[in-house]
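Notes for the one structure printed next.
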């Protein structure tokens, strides 16, 4: 359920008054965002208890942020997406501090540091935490991770212009042109044209063909 | 799948994210908290931060994981487990809140009744009843003003609330403006916008009529 700007104002008004139905409507409308952020943070959590605490915090943040929202400045969608990410950053920082708290000099500290360091975590433990997005990768079934790594490496080598390399970074993260334009302080059309004319057509497509990746 | 989507999938294959790596202690070269905050804001991102992304972050597990977790679009973590956790967290939070006041059901319930109550206080409930007798049929048109919002639509059957029923509101052009499933009390909330609508109930072929009371 997506709320129109008017619905956002009505719901937020109700949330500010601690109205249960409005709070329910808010949480229902933003469930996909909350679920996704909890899944992300949960992947970094130590155990189920920590994930549960964090899910509770995410729900409370959504409500509290909505109470502070100023409709005249921007829409609730964009505001919550941005500010929940700040909260997520804070939470990760807190988790990092907690992991590092015990002194390295004692055994407990050594164990805690090892837990926070994937390099020293058994491979199967990391495997448990990896996202299961294999279904989404069905189209690339024939592509091994080695081939994928080769493509990324080759792209990095071929794109010597820092501007194009920056665009590549955001494309690897799955960003769309308007988001890339915003973060780089450019016009969306410029990003779209430069990416298409200078990367996709002359480099990316031929490279995909060369590696047997169907487009 | 376009080239960008393929590229994104290739990155997922080539550079898998280890979420716990985001919790490693940063080195001097790593993205700082301020740089990450600027990236989330997507404004005023310094060129030195952008350079760091294409240089250091591509090689550093900690920075790649942190960026992917916070601003990446790749699905991460166990979404089903997260949903269950969020369900519990929401239930826990809502149960602490006071129950909303329920307006009483109207008495004019014949076979199938849809009743809509403007809030607050349900001052002047209008009754929309449904009959299979098409000779007296009129469309179940309801006019909702700004003052009415949010509106509770209550759907009742002769033997009780019409729970888990899909109520549809069509605007004046006949376009679907709202679709909502009723809860256990047969209620669904409509948050607007104000206007004239025609009510429909999914799975019910007979006319829904409005009966003024």
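Some values worked out for this structure:
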{"quantity": "Condition met for residue A:162 (surrounded by fewer than 20 Cβ atoms within 10 Å (Cβ to Cβ), modelled with pLDDT of 90 or more and under 17 Å from the mean Cα position of the chain (by Cα))", "calculated": "no"}
{"quantity": "Boolean, residue A:40 is within 17 Å of residue B:82 (Cβ to Cβ), within 11 Å of another protein chain (Cβ to nearest Cβ) and not in a helix (DSSP H, G or I)", "calculated": "no"}
{"quantity": "Segment A:43-57 - residue that is assigned to a helix (DSSP H, G or I) and more than 7 Å from every other protein chain (Cβ to nearest Cβ) and, of those, nearest to residue B:191 (Cα to Cα)", "calculated": "A:57"}
{"quantity": "Residues (assigned to a helix (DSSP H, G or I) and more than 8 Å from chain B (Cβ to nearest Cβ)) located in segment A:23-37", "calculated": "A:26, A:28, A:29, A:32, A:33, A:37"}
{"quantity": "Residue among A:68, A:8 that is at the interface with chain B (Cβ under 10 Å from one of its Cβ atoms) and either out of contact with any helix residue (DSSP H, G or I) (no Cβ under 7 Å at 6 or more places or on another chain) or within 30 Å of residue B:149 (Cα to Cα) (or both)", "calculated": "A:8"}
{"quantity": "Condition check for residue B:12: part of a helix (DSSP H, G or I) and either at the interface with chain A (Cβ under 7 Å from one of its Cβ atoms) or more than 32 Å from the chain's Cα centre (by Cα) (or both)", "calculated": "yes"}
{"quantity": "Count of segment B:137-173 residues which are at pLDDT below 70 and under 16 Å from residue B:200 (Cα atoms)", "calculated": "6"}
{"quantity": "Leading residue by the ranking (farthest from the other protein chains (Cβ to nearest Cβ)) among those in segment B:16-41 that are assigned to a loop (DSSP other than H, G, I, E, B) and crowded, with 20+ Cβ neighbours inside 10 Å", "calculated": "B:31"}
{"quantity": "Qualifying residue in segment A:95-108 (condition: more than 10 Å from chain B (Cβ to nearest Cβ), assigned to a helix (DSSP H, G or I) and modelled with pLDDT under 90)", "calculated": "yes"}
{"quantity": "Yes/no for residue B:63 being in a helix (DSSP H, G or I) and either touching a residue at least 12 places away in the same chain (Cβ under 8 Å) or more than 7 Å from every other protein chain (Cβ to nearest Cβ) (or both)", "calculated": "yes"}
{"quantity": "So residue B:69, is it without any contact (Cβ under 8 Å) to a residue 12 or more places away in the chain, farther than 30 Å from residue A:19 by Cα, facing chain A (nearest Cβ under 7 Å) and buried (at least 21 other Cβ atoms within 10 Å of the Cβ)", "calculated": "no"}
{"quantity": "Check on residue A:213, within 11 Å of chain B (Cβ to nearest Cβ), surrounded by 14 or more Cβ atoms within 10 Å (Cβ to Cβ) and in contact (Cβ under 8 Å) with a residue 60 or more places away in the chain", "calculated": "yes"}
{"quantity": "Verdict on residue A:52 being without any contact (Cβ under 8 Å) to a residue 24 or more places away in the chain and under 25 Å from residue B:61 (Cβ atoms)", "calculated": "no"}
{"quantity": "Any hit, segment A:176-192, residues being more than 10 Å from chain B (Cβ to nearest Cβ), crowded, with 18+ Cβ neighbours inside 10 Å, modelled with pLDDT of 90 or more and farther than 11 Å from residue B:54 by Cβ", "calculated": "yes"}
{"quantity": "Pairs where the first residue, in segment A:24-43, is at negative phi and without any contact (Cβ under 8 Å) to a residue 40 or more places away in the chain and the second is outside any helix (DSSP H, G or I) and crowded, with 20+ Cβ neighbours inside 10 Å, C-beta under 6 Å, 6+ apart", "calculated": "A:29/A:3; A:39/B:77; A:42/B:77"}
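The values are calculated or read from the model by the stated rules, or taken from the named source; none is laboratory data. None of the values given here were measured: they were computed from a predicted structure. Cβ: placed from backbone, ideal geometry, glycine included. Neighbour counts: every protein chain shown.
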